[in-house]
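Structure first, then comments.
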């Protein structure tokens, strides 16, 4: 077994939620009379934790203003969006296959803890993951704080683990601690951008991961 553990990003890597996230950001902007970001502008901040993402996207310095925007975003995302967030094709089969081989599976996501737990429940995948870190538990990507916490909990070295993600934030945090990384081409950032962080592979479907790890 090449890697004892595999750490996954969530949005844009395992779950096809990018369009729903972007739409919720755009609706929130309209609610507060802010300039509505384009699809690509909003998409580019997905991956970092929500509060710093909103501050960056809307160039907000006032913390309280950003908090209000975040609350509106969460309300729309949870209760009003008409866009679904399915798991990517092959995600469940891939996770079950890796788990059956004896790999420890984990999640490192910019989502809030409540959001991740909701997704794990409704995707029926919670039992597959040993541990997870969210925006509520650690510093935002690209800080390697999430990865360091997971390594400490699992008592593993970075060389024994691989990070799988769709953004430069995922790649950068793994690269900064010498952890191997696999990028997916179907998420937020383009392959040519992800290549800057020297992933060991860029995959076009999740089923390919079983051949790499």
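The values are calculated or read from the model by the stated rules, or taken from the named source; none is laboratory data. Model, not experiment: these values are computed from the prediction. Here Cβ is always computed from backbone atoms with ideal geometry, including for glycine, and neighbour counts include all displayed protein chains.
Before moving on, here are some points about what is shown:
- So residue 166, is it within 14 Å of the chain's Cα centre (by Cα) and modelled with pLDDT of 95 or more: yes
- Screening 121, 98 for residues that are part of a helix (DSSP H, G or I) and touching a helix residue (DSSP H, G or I) at 6+ places or on another chain (Cβ under 7 Å) leaves exactly one candidate, 98.
- Lone qualifier among 110, 165 - being under 16 Å from residue 87 (Cα atoms), touching a strand residue (DSSP E or B) at 6+ places or on another chain (Cβ under 8 Å) and surrounded by 15 or more Cβ atoms within 10 Å (Cβ to Cβ): 165
- Considering only residues in the range 85-107 that are closer than 27 Å to residue 24 by Cβ and touching a strand residue (DSSP E or B) at 6+ places or on another chain (Cβ under 8 Å), the one that is surrounded by the fewest Cβ atoms within 10 Å (Cβ to Cβ) turns out to be 86.
- Residues that are out of contact with any helix residue (DSSP H, G or I) (no Cβ under 9 Å at 6 or more places or on another chain) and surrounded by 20 or more Cβ atoms within 10 Å (Cβ to Cβ), drawn from the range 1-58: 49
- All positions within the range 172-184 that are under 20 Å from residue 42 (Cβ atoms) and in a loop (DSSP other than H, G, I, E, B): none
- The set of residues in the range 186-198 that are over 22 Å from residue 19 (Cβ atoms), in contact with a strand residue (DSSP E or B) (Cβ under 9 Å, 6 or more places away or on another chain) and assigned to a helix (DSSP H, G or I) comprises 195, 197.
- Residue selection: residue 137 satisfies the criterion of being farther than 20 Å from residue 184 by Cα, assigned to a loop (DSSP other than H, G, I, E, B) and modelled with pLDDT of 95 or more.
- A single entry from 183, 201, 158, 174 fulfils the requirement of being under 24 Å from residue 22 (Cα atoms), touching a helix residue (DSSP H, G or I) at 6+ places or on another chain (Cβ under 8 Å) and surrounded by 15 or more Cβ atoms within 10 Å (Cβ to Cβ): 183.
- Residue list for the range 117-138, restricted to those being crowded, with 17+ Cβ neighbours inside 10 Å, closer than 27 Å to residue 200 by Cα and either within 15 Å of the chain's Cα centre (by Cα) or outside the structural domain of residue 96 (by TED's automatic domain parsing) (or both): 129, 132, 133, 134, 135, 138
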